[in-house]
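Read through the structure below, which is laid out as structure tokens, and then see the notes.
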Amino acid sequence: MSASLQPGTSPVIQLRNLARTYQSGEVEVRAVRNVTLDIHRGDFVAIMGASGSGKSTLMNTLGCLDQPTSGEYLLDGVGVAGLNRKQLAKLRNSKLGFVFQSFNLLARTSALENVELPMLYALPIVARRERRQRAIAALEKVGLGDRLNHHPSQLSGGQQQRIAIARALVNRPELVLADEPTGNLDTRTSIELMGLFQQLNDSGITIVMVTHELDIAAYCKRMMVMRDGVLISDSRNPSRRCAAEARSSLDLAEQDANLA
Ligand code: ADP
Ligand code: MG
């Protein structure tokens, strides 16, 4: 046990018989049942499964937004059970970045300010000037260096999701959790976004992503499938797709269609 408590040497995520049961009135919903798994640094995991299979519940638990009913969760070697709200918030802020299907950006706020936001709560405190520099760097990293002062409504869905990714990265998280990040995007934009995730993953960021599209999971290194709260399959993806290549073939196909 002591070895696994040393940050840096243990898997980023260790789940042991993790379960989350909701009590709604008389009915017990066993949303996640006895999930055991390890996720190591540098992995890129897709969690698939039908609607209601427990994907979001699992992600909320991984994200320390919700506590398991039973079982064990170690995040970067640290047991999450028993931490109080303040400790959980600190853990979330320092170790995790979140990306959601609906982007969750502040509407009347520039891209730059949206990305600065998580640093307002960071400890140790990040000085104003550094906040700005880091937000600019994060937006440049996602290809939006020329849109710093745009508001979300002035940007496309794909660009808005890029802001959300910059915001997720700005506190230099250990792990990025994304729940259906391409759910509101068209095919081309989804592939571009997967290209960005692959690039970030290549630079060492661990990513866990929920998707119900096999086409999107195909860009990940590892695929998990949930059914009725149970993890029914967990395998490496030997024929992983490269988003940059997929995008060029899409471009060529469109050129052909235009010429025809
Ligand atoms: P998915 O993300 O795969 O669609 P969820 O994790 O959202 O699945 O839900 C798994 C199960 O738990 C579903 O049966 C859902 O109705 C139930 N559930 C989710 N959240 C709650 C809640 N807050 N209270 C009661 N039941 C819930
Ligand atoms: Mg869900």
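Considering only residues that are closer than 27 Å to residue 196 by Cβ and surrounded by 18 or more Cβ atoms within 10 Å (Cβ to Cβ), look in region 61-90 and name the one that is farthest from ligand 1 (Cβ to nearest atom).
76
Tally the residues that are within 8 Å of ligand 1 (Cβ to nearest atom) and surrounded by fewer than 16 Cβ atoms within 10 Å (Cβ to Cβ), restricting the search to region 31-60.
Looking only at that region, the number is 3.
Under 7 Å between Cβ atoms, at least 6 apart or on separate chains: pull out the pairs that start in region 204-228 with a residue that is of a type outside the set (A, V, I, L, M, F, W, C) and end on any residue that is part of a helix (DSSP H, G or I) and more than 11 Å from ligand 1 (Cβ to nearest atom).
Going by the 7 Å Cβ cut-off, the qualifying pairs are 211/217; 219/194; 219/198; 219/243.
Starting from region 134-151, take each residue that is within 17 Å of residue 168 (Cα to Cα) and in contact (Cβ under 8 Å) with a residue 24 or more places away in the chain and list its partners that are of a type in the set (S, T, N, Q) and assigned to a loop (DSSP other than H, G, I, E, B), counting only C-beta distances under 8 angstrom and pairs at least six apart or across chains.
148/110
Quick one: which residue in 107, 122 is farther than 25 Å from residue 180 by Cβ and not in a helix (DSSP H, G or I)?
122
Can you run down the residue pairs with Cβ atoms below 8 Å, 6 or more apart or on separate chains, where the first is in region 1-26 and surrounded by 13 or more Cβ atoms within 10 Å (Cβ to Cβ) and in a helix (DSSP H, G or I) and the partner is at pLDDT 50 or above and among the aromatic types (Phe, Trp, Tyr)?
Between residues of region 1-26 that are surrounded by 13 or more Cβ atoms within 10 Å (Cβ to Cβ) and in a helix (DSSP H, G or I) and residues that are at pLDDT 50 or above and among the aromatic types (Phe, Trp, Tyr), there is no close pair.
In region 114-131, which residues are crowded, with 17+ Cβ neighbours inside 10 Å and free of Cβ contacts under 8 Å to residues at least 12 places away in the same chain?
Answer for region 114-131, where residues must be crowded, with 17+ Cβ neighbours inside 10 Å and free of Cβ contacts under 8 Å to residues at least 12 places away in the same chain: just 126.
Looking at 57, 36, can you tell me which residue is outside any loop (DSSP other than H, G, I, E, B), of a type in the set (S, T, N, Q), within 16 Å of ligand 2 (Cβ to nearest atom) and at pLDDT 95 or above?
Answer to the selection: 57.
Taking the options 147, 134, 188, name whichever one is of a type in the set (Lys, Arg) and either surrounded by 22 or more Cβ atoms within 10 Å (Cβ to Cβ) or in a loop (DSSP other than H, G, I, E, B) (or both).
Answer to the selection: 147.
May I ask you to list the residues in region 26-80 that are touching a helix residue (DSSP H, G or I) at 6+ places or on another chain (Cβ under 6 Å) and under 17 Å from residue 226 (Cβ atoms)?
The answer is 31, 32, 46, 47, 48, 49, 66, 68.
Inspect all residues belonging to region 164-173 and state whether any of them is modelled with pLDDT of 95 or more, of a type in the set (Lys, Arg), crowded, with 20+ Cβ neighbours inside 10 Å and more than 16 Å from ligand 1 (Cβ to nearest atom).
yes
Hey, among 50, 107, which residue is in contact (Cβ under 8 Å) with a residue 40 or more places away in the chain, under 30 Å from residue 135 (Cβ atoms) and not charged (D, E, K, R)?
107
The values are calculated or read from the model by the stated rules, or taken from the named source; none is laboratory data. Note that the structure is predicted; figures quoted are calculated from it, not measured. Neighbour counts are summed over all protein chains in view; Cβ atoms, including those assigned to glycine, are modelled from backbone coordinates with ideal geometry.
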